[in-house]
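Inspection log for the structure reproduced underneath, given as structure tokens.
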Amino acid sequence: MRITLMRHGEPQLAKGGWIAPMQMGEWIDLYNQSLIKDNGIPAECAMAALSASTIVASTAPRACSSARALGDLPFMQEAMFTEAGLPFALWRAPWLPPAAWAAIFRLLWLFGYARGADSLTLSRRRARIAAERLVALAASGPVLLVGHGIMNRLIGKELQALGWLARNRQGSRYWSMGVYEL
């Protein structure tokens, strides 16, 4: 049995100027609504899609547009696979690029800060449910999940806790994949 966790393609999101932390809520909304850029799909991703019996994607537009980009293959959408939310703060300063704030707030989230997002504990619980769903789907053949960086890592850890072997670790790049086998 095999489960492949694939991160979505690169989102179409303008790299704006510097923003205050309180503007991150708006930036996160734009990120969550973005589709992916049309800048090519790695061949191994297309092969993973063709070899899957079941393809499932998160309901986020960037994940669904990534699943569509893999070819004219049917896929299911399920909200449990959406990315672990990114918190933000209501501070007026300092101003930094959105990518810097995203990294800072993700790090703070790992240490328990979750304003505007589910906590790490809740995200881990959702990852456990998602892993169990993927295991159930894998009973019918290889499964491909088109999901997100952090949530895929959390799901991968849960798959390992369920006895699945990680054949490779998913990277942090767009279109990166982690493969788990039982």
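Whole number please: convex hull volume per residue, Cα atoms of the chain, in Å³.
101
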Counting only DSSP loop positions in the stretch 74-109, the chymotrypsin sites (Phe, Trp or Tyr not before Pro) whose Cβ has at most 16 other Cβ atoms within 10 Å are Trp91, Trp95
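What accessible area per residue comes out for the stretch 29-182, rounded to a whole number of Å², with a 1.4 Å probe?
For the stretch 29-182, the solvent-accessible area averages 51 Å² per residue.
Rounded to the nearest 20 debye, what is the charge dipole size of the chain about its Cα centre when +1 sits on each Lys and Arg Cβ and -1 on each Asp and Glu Cβ?
On the way: 19 positive and 12 negative charges, 93 e Å.
Here the chain has a charge dipole of around 440 debye.
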Relative to the chain, whose Cα atoms define the longest principal axis, helix 120-138 and its Cα axis are tilted in degrees, nearest 10, by 20
Calc'd 3J(HN,Hα), the stretch 84-99, phi into Karplus 6.51 cos²θ - 1.76 cosθ + 1.60 (θ = phi - 60°), Hz, glycine/Pro = x, comes to 4, x, 9, x, 8, 10, 9, 6, 8, 8, x, 9, 9, x, x, 4
antiparallel share of DSSP beta bridges within the chain, to nearest 5, in %, is 50
Under the Karplus relation with 6.51, -1.76 and 1.60 and θ = phi - 60°, whole-Hz ³J(HN,Hα) for the stretch 47-54, x at Gly and Pro, equal 5, 4, 5, 5, 8, 7, 7, 9
Dipole check, the chain, charges on Cβ (K,R +1; D,E -1), about Cα centroid: among Leu70, Leu5, Pro142 the Cα furthest to the positive pole belongs to Leu5
In whole percent, the fraction of accessible protein surface over the stretch 2-181 that belongs to carbon or sulfur atoms, probe radius 1.4 Å, stands at 58
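Just subtract the alpha-carbon distance of Lys15 and Ala136 from 0.36 nm times their residue separation and send over the number in nm, one decimal. Present the calculation step by step, with values, prior to reporting the outcome.
Numbers: separation 121, 0.36 × 121 = 43.56 nm, distance 3.93 nm.
Stretched out fully, the Lys15 to Ala136 stretch lengthens by 39.6 nm.
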Given Cβ charges of +1 for Lys and Arg and -1 for Asp and Glu, the option among Leu107, Gly156, Ser123 whose Cα lies farthest towards the positive end of the dipole of the stretch 39-182 is Leu107
Taking Cα pairs closer than 8 Å and at least 6 residues apart, the relative contact order of the chain in percent is 36
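How much length is gained on full extension from Leu30 to Trp95, taking 0.36 nm per residue of separation minus their Cα-Cα distance?
21.6 nm
The values are calculated or read from the model by the stated rules, or taken from the named source; none is laboratory data. Fair warning: this is a prediction, and the values are worked out from it, not measured in the lab. Cβ atoms come from the backbone with ideal geometry, glycine included; neighbour counts cover every protein chain shown. SASA here: full protein model, heavy atoms, side chains in, ligands and nucleic acids out. Shrake-Rupley method; radii C 1.70, N 1.55, O 1.52, S 1.80 Å.
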